[in-house]
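All remarks here apply to the structure that follows.
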Ligand code: URA
Ligand code: SF4
């Protein structure tokens, strides 16, 4: 798979797992091939499956608003999913489906080579940090496999619950500052050891010290 177009071509014809049977359109992912930021969601829902594009339903509208809140547009970033075809009735993707599909996402990450990967929700979190919960992992930048990962909640989970909504909004607002830190070769963030998830009592205070010096 030499470029993103080729990946999309293959995804649109893929029958490597059961999800190929129920799809209308596969959703390879889209955005800038030079993106600094890459977002990874779970899988297509109803609207995505109709249009063949990621995050175009209500959760996607919210993601657009979040991007706008930090001065970005969809075309500035790359948006992909763990599985490229819609699970029936929006059920959770199965481990076998995610592993059948991971070759596409892995290659998208290699080709785009983003400065920061933002995982949306628990499935993409688990791709990098197996066994961790979103409650503990969200809002903390950590290095994994030579890449910087910033896990946040899924916008669909935040859409209708005010407490989640304010959490995702404030996690999002950190993104420009994180990118700025990653651009500075001697940033404290780069020198730090990977940060362990903090205790539920004081996660923000601990983590912010990484960015405040
Ligand atoms: N939810 C996701 O995880 N991905 C999409 O593309 C749309 C909704
Ligand atoms: Fe292929 Fe992925 Fe779609 Fe399964 S979900 S059929 S592996 S593109």
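The values are calculated or read from the model by the stated rules, or taken from the named source; none is laboratory data. Worth saying up front: this structure is predicted, and the values here are computed from it rather than measured. All Cβ positions, even for glycine, are placed from backbone atoms using ideal geometry, and neighbour counts span all protein chains on display.
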Practice item. Answer with yes or no whether residue 3 is out of contact with any strand residue (DSSP E or B) (no Cβ under 8 Å at 6 or more places or on another chain) and within 16 Å of ligand 2 (Cβ to nearest atom). Key: no
Point to revise | All positions within the stretch 95-106 that are within 15 Å of the chain's Cα centre (by Cα) and closer than 18 Å to residue 13 by Cβ | key: 102, 104, 105
Point to revise | Qualifying positions in the stretch 126-165 - within 16 Å of ligand 1 (Cβ to nearest atom) and closer than 20 Å to residue 91 by Cα | key: 126, 127, 134, 153, 154, 155, 156, 157, 158, 159, 160
Check your understanding: Yes or no: residue 42 under 23 Å from residue 179 (Cα atoms), surrounded by 16 or more Cβ atoms within 10 Å (Cβ to Cβ), within 16 Å of ligand 2 (Cβ to nearest atom) and modelled with pLDDT of 95 or more?
Key -> no
Practice item. Only residues in the stretch 4-15 that are within 12 Å of residue 85 (Cβ to Cβ) count as the first member; pair them with residues that are in a loop (DSSP other than H, G, I, E, B) and at pLDDT 95 or above, Cβ under 6 angstrom, at least 6 apart or cross-chain, and list the lot. Key: 11/26; 11/28; 11/84; 12/26
Exercise for review: Restrict the check to the stretch 56-76 and report whether at least one residue is under 24 Å from residue 22 (Cβ atoms), in contact with a strand residue (DSSP E or B) (Cβ under 9 Å, 6 or more places away or on another chain), within 16 Å of ligand 2 (Cβ to nearest atom) and not in a loop (DSSP other than H, G, I, E, B).
Suggested key: no
